[in-house]
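*Asks:* Before I ask anything, let me first share the structure, which is written out below as structure tokens.
Each value in this text was obtained by applying a stated rule to the coordinates, not by laboratory testing. The model shown is predicted, which means the values in this text are computed figures rather than measured ones. For neighbour counting, all protein chains shown are included, and Cβ atoms are generated from backbone atoms with ideal geometry for every residue, glycine included.
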Ligand SMILES: [Zn+2]
């Protein structure tokens, strides 16, 4: 089961973002509402990180992917992909939470 995915929706134009954008890329507004989308997603692309950035040394290797989440009105986000070291292209994934600003999905 996936958790609801909290997306950021521009107050002015309705554009949606997976990560807090601070400024809307479509209209320049700075006010956003949180909208809960379905946490069911699909992997768009992924890569295995073997040489981790500072602060993640103990966690490599891990998988980072681009995920389309929330259906047709959803968003594309960069996220940690858990439960696999080599996900299939187009794998179905489910949102499981956010830790220290890192969105986490696991392969279904
Ligand atoms: Zn906007």
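*Asks:* When residue 67 is evaluated against the numbered criteria (1) buried (at least 19 other Cβ atoms within 10 Å of the Cβ); (2) within 16 Å of the ligand (Cβ to nearest atom), which criterion, by number, is the only one it fails?
*Replies:* The one condition residue 67 does not meet is (2).
*Asks:* I'd like to verify a number: residues in segment 41-55 that are surrounded by 13 or more Cβ atoms within 10 Å (Cβ to Cβ) and not in a strand (DSSP E or B), how many?
*Replies:* 1
*Asks:* Now a separate question. How many of the residues making up segment 70-108 are within 12 Å of residue 7 (Cβ to Cβ) and crowded, with 19+ Cβ neighbours inside 10 Å?
*Replies:* Summing the residues that are within 12 Å of residue 7 (Cβ to Cβ) and crowded, with 19+ Cβ neighbours inside 10 Å in segment 70-108 gives 6.
*Asks:* Provide a single number: the residues in segment 17-39 that are closer than 24 Å to residue 107 by Cα and either surrounded by 13 or more Cβ atoms within 10 Å (Cβ to Cβ) or within 13 Å of the ligand (Cβ to nearest atom) (or both).
*Replies:* Within segment 17-39, residues that are closer than 24 Å to residue 107 by Cα and either surrounded by 13 or more Cβ atoms within 10 Å (Cβ to Cβ) or within 13 Å of the ligand (Cβ to nearest atom) (or both) number 7.
*Asks:* Continuing with this model, one more query. So which residues in segment 1-16 are outside any loop (DSSP other than H, G, I, E, B) and within 11 Å of the ligand (Cβ to nearest atom), if there are any at all? Reasoning before the result, please.
*Replies:* To start, the set of residues in segment 1-16 that are outside any loop (DSSP other than H, G, I, E, B) comprises 5-10, 16.
Answer for segment 1-16, where residues must be outside any loop (DSSP other than H, G, I, E, B) and within 11 Å of the ligand (Cβ to nearest atom): 8, 9, 10, 16.
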